[in-house]
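Novice: The structure that follows is given in the form of structure tokens.
The values are calculated or read from the model by the stated rules, or taken from the named source; none is laboratory data. Since we're looking at a predicted model, the values are computed, not measured. Glycine also receives a Cβ, built like all others from the backbone with ideal geometry; neighbour counts cover every protein chain displayed.
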Amino acid sequence: MAVTPTITFSRMGAPAKGTAIVLATDGVVLSDAAKKCDPAGNLPRAVEAADFRAKFGTSIELLAPAGSQLQRLIVLGCGVVADLDAYAWMRLGGAAAALIRSARDVGVVLDISGSPVAPEYAAAFAAGMLLRSYGFDKYKTRIDADAAVDKKPARVNFLCASPTAARKAFADVSAVTEGVLLARDLVNEPANTMGPVEMVDAARSIGKLGAKIDVLTEKEMKKLGMGALLGVAQGSSRPARVVVVQWNGGRPKDKPVAFVGKGVVFDTGGNSMKSPAGMEDMKGDMGGAAAVIGLMHALAARKAKANVVGVVGIVENMVDGNAQRPGDIVRSMSGQTIEVMNTDAEGRLVLADVLWYADQRFEPRLMVDLATLTGAVMVALGQHHAGLFSNNEALAAELLAAGEVTQERLWRLPMGPEFDKLIDSKNADMKNVGGRFGGAIIAAQFLRRFVKNTPWAHLDIAGVAMSAPGSEINQSWASGFGVRLLDRFVRDNYES
């Protein structure tokens, strides 16, 4: 993986060496500290010559400014200050990370026209730099001397009015950032190195932060009657697992909030095999499970004052002499039978058993599942929103609000009996597909049958968890979508 910068916070001043980044809005009025970075006063001429207007994310650069020991002076445009919320500051941090390139020492002057940047925004800016700096290159061995130098982490010092408060705010937001990067790592790993056992190991690491970890093996799943999940796994030589991560940071009597993740470490489609074109991307079909693991890391690392449980079902869907066939009928943990019409509609079979298990064991106050479930949701929404389905208006509203704050956005899609009847089967209680149209809705309707009366939401993240459009804070194939969203959801609604 790419080496992320080391972050420090110091009292307001002017960087003495390396690269300096100063902030500006329209008019480019610099603070006293920023002016000290340009003792010869050449910056105003450069601004005028370039017609620099300091629009959001734009920049202008002076090399080796006269009278200074700095190598580079960068002015980063912030646009309209009144428009800058925490997410905008995170985006600015990402833009700054892209500008520093191979610089080793970087000083960021955190004020705009003499007005200091608030500590929580300083923390968001720093988090944006970390998120943008992420890259997945652990398997690249051909590294020349210049690239080897780049492997050394940049030292980024934020010069601000309240460094102690900024450090405290950053400790909180960096825990969430760690969770995002963990989720990205899990999704980016190739399937030959990220199987069910390896995902279990990743979840176990959260135990070091105080979480409780339980693992169900195939033997235990058979005893529980998880025939839907095990049917998907039976074609693989790698055994299925269910991992439970419990974080008990709230009041002892409070019921937990439950998050459930689909963890198909590789999906060939089984006997209903996918087209070879793009099948390599199916290493990312565990994006929902990765998000839940990343979220549980974030909550444990920041010591969230909430009781939360994460449950992930981890399988591999392969083609084999023992693999599930179209037309097979399996019995789920709920006792309901499922006719498997398409073995490539496997994620809903995994979630059926895991949702029922989480509901039965923990009796949670609500459940949210995440899954790279359908290509149909991408047809409907593109790659800038995840699909939201829910049986509860209040829960849906809370998730939509968290999506707006974090800009991990959701769009609610309908459900109803007219969709539910499409999965009725002549030979079993239900079938796992329901026709050509409304595929994402039908998949959600299938899951609804395994939720009982618990408030529940399903997030179909197929379009946003992997191969989504890049942004100021992500240039990775895997986005880590869902970690920031659900951390905000818990923080705003369920912490004591």
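Novice: Please determine whether any residue of the stretch 284-293 is within 21 Å of LEU186 (Cα to Cα) and either out of contact with any strand residue (DSSP E or B) (no Cβ under 7 Å at 6 or more places or on another chain) or surrounded by fewer than 24 Cβ atoms within 10 Å (Cβ to Cβ) (or both).
Specialist: yes
Novice: I would also like to ask the following. Is it the case, given these coordinates, that SER476 is over 30 Å from PRO256 (Cβ atoms), modelled with pLDDT of 95 or more, touching a Phe, Trp or Tyr at 6+ places or on another chain (Cβ under 6 Å) and part of a loop (DSSP other than H, G, I, E, B)?
Specialist: When the stated conditions are applied, SER476 passes them.
Novice: Tell me which helices (runs of 4 or more DSSP H) are completely within the stretch 1-106 and hold 1 or more residues being within 15 Å of VAL156 (Cβ to Cβ) and within 25 Å of the chain's Cα centre (by Cα), or say none if there are none.
Specialist: Helices (runs of 4 or more DSSP H) meeting the threshold: 86-100.
Novice: Related question: Could you say whether any residue in the stretch 299-306 is touching a residue at least 40 places away in the same chain (Cβ under 8 Å), under 22 Å from ALA352 (Cβ atoms) and among the basic types (Lys, Arg)?
Specialist: Checked against the condition, which is being touching a residue at least 40 places away in the same chain (Cβ under 8 Å), under 22 Å from ALA352 (Cβ atoms) and among the basic types (Lys, Arg), the stretch 299-306 yields no hits at all.
Novice: Next question. Taking the stated definitions as given, is ARG412 in contact with a Leu (Cβ under 8 Å, 6 or more places away or on another chain) and among the basic types (Lys, Arg)?
Specialist: yes
Novice: I've got another one for you. For ASP492, indicate whether it is out of contact with any Pro (no Cβ under 6 Å at 6 or more places or on another chain) and surrounded by fewer than 19 Cβ atoms within 10 Å (Cβ to Cβ).
Specialist: It is true that ASP492 is out of contact with any Pro (no Cβ under 6 Å at 6 or more places or on another chain) and surrounded by fewer than 19 Cβ atoms within 10 Å (Cβ to Cβ).
Novice: Here's a follow-up. Test GLU408 against the criterion of being buried (at least 18 other Cβ atoms within 10 Å of the Cβ), farther than 21 Å from VAL354 by Cβ and either at pLDDT 95 or above or out of contact with any Gly (no Cβ under 6 Å at 6 or more places or on another chain) (or both), and give yes or no.
Specialist: yes
Novice: Tell me, which helices (runs of 4 or more DSSP H) lie completely within the stretch 107-215 with 3 or more residues that are at pLDDT 95 or above and either touching a helix residue (DSSP H, G or I) at 6+ places or on another chain (Cβ under 7 Å) or crowded, with 19+ Cβ neighbours inside 10 Å (or both)?
Specialist: Correct list: 119-133, 163-188, 196-204.
Novice: Okay, moving on. Can you tell me which residue in the stretch 1-15 is surrounded by the fewest Cβ atoms within 10 Å (Cβ to Cβ), limited to those that are modelled with pLDDT of 90 or more and over 15 Å from GLY93 (Cβ atoms)?
Specialist: For the stretch 1-15, the residue satisfying everything is ARG11.
Novice: Now, a different point. Among ASP214, ASP185, ASP172, which is closer than 20 Å to LEU370 by Cβ and within 19 Å of the chain's Cα centre (by Cα)?
Specialist: Matching residue, one of ASP214, ASP185, ASP172: ASP185.
Novice: Residue under question is SER471, and the condition is that it be touching a residue at least 60 places away in the same chain (Cβ under 8 Å), out of contact with any strand residue (DSSP E or B) (no Cβ under 7 Å at 6 or more places or on another chain) and under 22 Å from LEU186 (Cβ atoms); does it hold?
Specialist: Against the criterion (touching a residue at least 60 places away in the same chain (Cβ under 8 Å), out of contact with any strand residue (DSSP E or B) (no Cβ under 7 Å at 6 or more places or on another chain) and under 22 Å from LEU186 (Cβ atoms)), SER471 qualifies.
Novice: Sticking with this one: For the stretch 432-449, give me each residue that is surrounded by fewer than 23 Cβ atoms within 10 Å (Cβ to Cβ) and not in a helix (DSSP H, G or I).
Specialist: VAL433, GLY435, ARG436, PHE437, GLY438, ARG449
Novice: Okay, moving on. Could you please give the count of residues in the stretch 331-343 that are surrounded by 19 or more Cβ atoms within 10 Å (Cβ to Cβ) and more than 17 Å from GLN445 (Cβ to Cβ)?
Specialist: Qualifying residue count, the stretch 331-343: 2.
Novice: Which residue, of ALA478, ALA465, ALA457, is aliphatic (A, V, I, L, M), touching a Lys or Arg at 6+ places or on another chain (Cβ under 6 Å) and buried (at least 20 other Cβ atoms within 10 Å of the Cβ)?
Specialist: One residue alone meets the criteria, ALA478.
Novice: Sticking with this one: Filter the stretch 92-106 down to the residues that are closer than 17 Å to LYS55 by Cα, surrounded by fewer than 23 Cβ atoms within 10 Å (Cβ to Cβ) and in contact with a strand residue (DSSP E or B) (Cβ under 6 Å, 6 or more places away or on another chain) and list them by number.
Specialist: Within the stretch 92-106, just LEU99 meets the criteria.
Novice: Still on this model: Out of the residues in the stretch 16-25 that are surrounded by 15 or more Cβ atoms within 10 Å (Cβ to Cβ) and either at positive phi or not hydrophobic (A, V, I, L, M, F, W, C) (or both), which is modelled with the lowest pLDDT?
Specialist: In this case the residue turns out to be THR25.
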